[in-house]
Amino acid sequence: MTLEQQLSHYVGAAVKALYGIEADEKQIQLQKTRAEFEGNMTVVVFPFVKAARKAPQMVAQEIGEWLMANSQQLIAKYNAVQGFLNLSIADAWWIAQLGAIHADPAYGTWPANNRLMMVEYSSPNTNKPLHLGHVRNNLLGYSIAKIQEANGWKVVKTNIVNDRGIHICKSMLAWLKFGQGETPESSGKKGDHLIGDYYVRFDVEYKAQIKQLMAQGMDEDTAKREAPLMKEAQAMLLKWEQGDPEVRALWEKMNNWVYAGFDETYRRLGVAFDKIYYESNTYLEGKKEVERGLQEGIFYRRADNSVWADLTGDGLDEKLLLRQDGTSVYMTQDIGTAKLRFKDYPIDKMVYVVGNEQEYHFKVLSLLLDKLGFPFGKELVHFSYGMVELPNGKMKSREGTVVDADDLMDAMVRDAKEIARDKVNTLPDITEAEADEIARKVGMGALKYFILKVDPRKNMLFNPDESIDFNGNTGPFIQYTYARIQSVLRKAGDSVIGSRFSVLGSGLSVIGLEEKELTLIQRLTEYPAAVRQAGEDFSPAQIAAYAYNVACDFNSFYHDYSILNEEDPAKRSLRIVLSDCVARVIGSAMSLLGIEMPERM
């Protein structure tokens, strides 16, 4: 039973005994005591004043006296301020909570709710490598999945790979024309980088053709349509959809190069998927549904043979579903993907982690699925997040326009190794391999934390220098706090660590808690609620804020109190237990962000 539940029970009993009131949940109002007053929890007594026929101050005073006499020593003392009753919870209760936390290896997680949530994230195109925007997407999606698992959901992490379309054909055509048989092995490049280079090459050659046609007197729009490269790419797309064996073989070979590159990037990011869907498979299902909608009068065909949905009656506009040549668009693919997913899994909630520029797209998708008769149409959740950018001029990618994910990770780990060199070199018996592993965890922790600590709905500026600071609200600061605690526990020794838990049931429960010991225990008791709220709000930022607050509280405690040199054995045991619980909770919270914790730094 939580503190709030226990207090509600006793307050309800108090007002019934004192005033004959059968109080319901709405009448019993509890809140944290404001910082300027003494106490842990505050009872708002105004709802009982009318029935009591007494002044608010008197009602608060009487309820406080009753609780002191009848709450099984839960309340240590109280103070009444007008219509507010501030309660100080007994140290013994807090120590008991610490013992319960220490005894629970799954502390902070909630029981299984037997419901299934699918979370889609990443959604790359196979014509270029992952970039900074994908980094935020993947980190958010993976963290949301971890947080929902901690809230009892069974989660299926899924990815839809956009492996077909005109953009893919552009890379394929450029490789055919200019590649001279180049492969990842012959070039020494990751496959996704190699294909990305040919996508850029297509754009360079295409623009040159447009410029040449315009010099011959053609207007820009016509030149874009008539450029030979674009016509060849469109012809290749049509051949692909018709199943041309040569085009399909080239497409499969080049996509496999890209997938190998993606897998390496995902591994370094620490993200994974339970099920991957491919647009090349799902778009056919989408086309079937569009054709069905056409037959049932849900959609209509224009004179040029294209198929559209008229959503003007729903306050939106008209949406293209099939082009005049019969090829499909993203919306068609998403309809097919949704159909297959709900066929494959008994999904209770479907969450799309996609940037806020796609908000309209998902409004339309939800509406179209509903019109097609799928009951899950209206229940789709678009987790919308903002753009992420770097300070101008920093870590530009090989194309010079976007920041490559691999380049970013390389730079973060390299910077972490440079910054941490002095700290790491002070560790006894440190090997180069261990130093490299610490640098990897710190660099990636800095990247992940800095991105995830920001409200996902907001646009953000990722500053590599700020992210890797060992002070302030950063991943390395929290990792260093964790490593500091591990050092304390190692020094405490196995015999002390193995027996420290039993002390909580003996004389320790009757000693008083110091202010910052109490602050830390109170913070730890808030962890399950923080996990629950982060799940309800789909907010990794809330978990990041919680982890940072715990780390700050511990460092303040560590600065003011001795742990291993405390002379009182009971106090020393308490502080060892408390330190261990802090490390476990910090480690658990950071794991929900996908962040690894070094055992020493």
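Listed values, structure above:
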| quantity | calculated |
| --- | --- |
| Residue match in region 145-164 (condition: in contact with a Pro (Cβ under 7 Å, 6 or more places away or on another chain), among the small types (Gly, Ala, Ser), surrounded by fewer than 21 Cβ atoms within 10 Å (Cβ to Cβ) and touching a residue at least 40 places away in the same chain (Cβ under 8 Å)) | yes |
| Positions within region 172-186 being more than 25 Å from Tyr330 (Cα to Cα) and either open to solvent by 20 Å² or more (accessible area, probe 1.4 Å) or assigned to a helix (DSSP H, G or I) (or both), in sequence order | Leu176, Lys177, Phe178, Gln180, Gly181, Glu182, Thr183, Pro184, Glu185, Ser186 |
| In region 120-144, the residues that are open to solvent by 20 Å² or more (accessible area, probe 1.4 Å), touching a strand residue (DSSP E or B) at 6+ places or on another chain (Cβ under 8 Å) and not in a loop (DSSP other than H, G, I, E, B) | Asn125, His131, Gly133, Tyr142 |
| Looking only at region 300-348, and only at residues there that are of a type in the set (Lys, Arg) and touching a residue at least 24 places away in the same chain (Cβ under 8 Å), the one that is farthest from Gly286 (Cα to Cα) | Lys319 |
| Those residues of region 151-171 which are within 23 Å of Gln533 (Cα to Cα) and part of a loop (DSSP other than H, G, I, E, B), in sequence order | Asn151, Gly152, Trp153 |
| Which listed residue is modelled with pLDDT of 95 or more, farther than 28 Å from Trp110 by Cβ and loosely packed, with under 13 Cβ neighbours inside 10 Å, from Ala35, Ala80, Ala60, Ala55 | Ala55 |
| Scope region 1-37; condition outside any loop (DSSP other than H, G, I, E, B) and hydrophobic (A, V, I, L, M, F, W, C); matching residues | Leu3, Leu7, Val11, Ala13, Ala14, Val15, Ala17, Leu18, Leu30 |
| Candidates Leu520, Leu564, Leu524, filtered to the one that is open to solvent by 20 Å² or more (accessible area, probe 1.4 Å) and under 19 Å from Ile485 (Cα atoms) | Leu564 |
| Residues of region 242-258 satisfying the condition of being over 15 Å from Lys170 (Cα atoms), assigned to a helix (DSSP H, G or I) and either among the acidic types (Asp, Glu) or touching a helix residue (DSSP H, G or I) at 6+ places or on another chain (Cβ under 7 Å) (or both) | Glu246, Trp257 |
| Test for Arg201: is it part of a helix (DSSP H, G or I), under 30 Å from Leu408 (Cβ atoms), under 42 Å from the mean Cα position of the chain (by Cα) and not aliphatic (A, V, I, L, M) | yes |
| From Gln73, Gln97, residue being surrounded by fewer than 22 Cβ atoms within 10 Å (Cβ to Cβ), of a type in the set (S, T, N, Q) and not in a loop (DSSP other than H, G, I, E, B) | Gln97 |
| Cβ-Cβ under 8 Å pairs, at least 6 apart or on other chains, region 89-102 side acidic (Asp, Glu), far side open to solvent by 50 Å² or more (accessible area, probe 1.4 Å) | Asp91/Ala76 |
| Filter pass, Glu25 being modelled with pLDDT under 95, open to solvent by 80 Å² or more (accessible area, probe 1.4 Å), farther than 25 Å from Val582 by Cα and acidic (Asp, Glu) | yes |
| Answer from Lys189, Lys231 - the residue that is part of a loop (DSSP other than H, G, I, E, B), charged (D, E, K, R) and modelled with pLDDT of 95 or more | Lys189 |
| Options Tyr278, Tyr259, Tyr283: the member that is open to solvent by 50 Å² or more (accessible area, probe 1.4 Å) and touching a residue at least 40 places away in the same chain (Cβ under 8 Å) | Tyr278 |
| Identity of the residue in region 299-334, assigned to a loop (DSSP other than H, G, I, E, B) and touching a strand residue (DSSP E or B) at 6+ places or on another chain (Cβ under 7 Å), that ends up farthest from Phe362 (Cα to Cα) | Arg302 |
| Those helices (runs of 4 or more DSSP H) lying entirely in region 427-516 with at least 2 residues modelled with pLDDT of 95 or more and out of contact with any strand residue (DSSP E or B) (no Cβ under 8 Å at 6 or more places or on another chain) | 432-452, 475-492 |
| Filter result for Val364 (assigned to a strand (DSSP E or B), among the aliphatic types (A, V, I, L, M), open to solvent by less than 50 Å² (accessible area, probe 1.4 Å) and modelled with pLDDT of 95 or more) | no |
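For every residue, the table says whether it meets (1) of a type in the set (D, E, K, R); (2) on the phi > 0 side of the Ramachandran plot; (3) buried (at least 17 other Cβ atoms within 10 Å of the Cβ).
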| position | (1), (2), (3) |
| --- | --- |
| Leu321 | no, no, yes |
| Thr327 | no, no, yes |
| Asp334 | yes, no, yes |
| Tyr360 | no, no, no |
| Tyr385 | no, no, yes |
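The values are calculated or read from the model by the stated rules, or taken from the named source; none is laboratory data. Since the model is a prediction, treat every value here as computed from it, not as a measurement. Because the Cβ atoms are built from the backbone with ideal geometry, glycine has one as well, and the counts that use them run over all protein chains shown. Remember, those area values only see protein heavy atoms, side chains included, never the ligands or the DNA or RNA. Shrake-Rupley method; radii C 1.70, N 1.55, O 1.52, S 1.80 Å.
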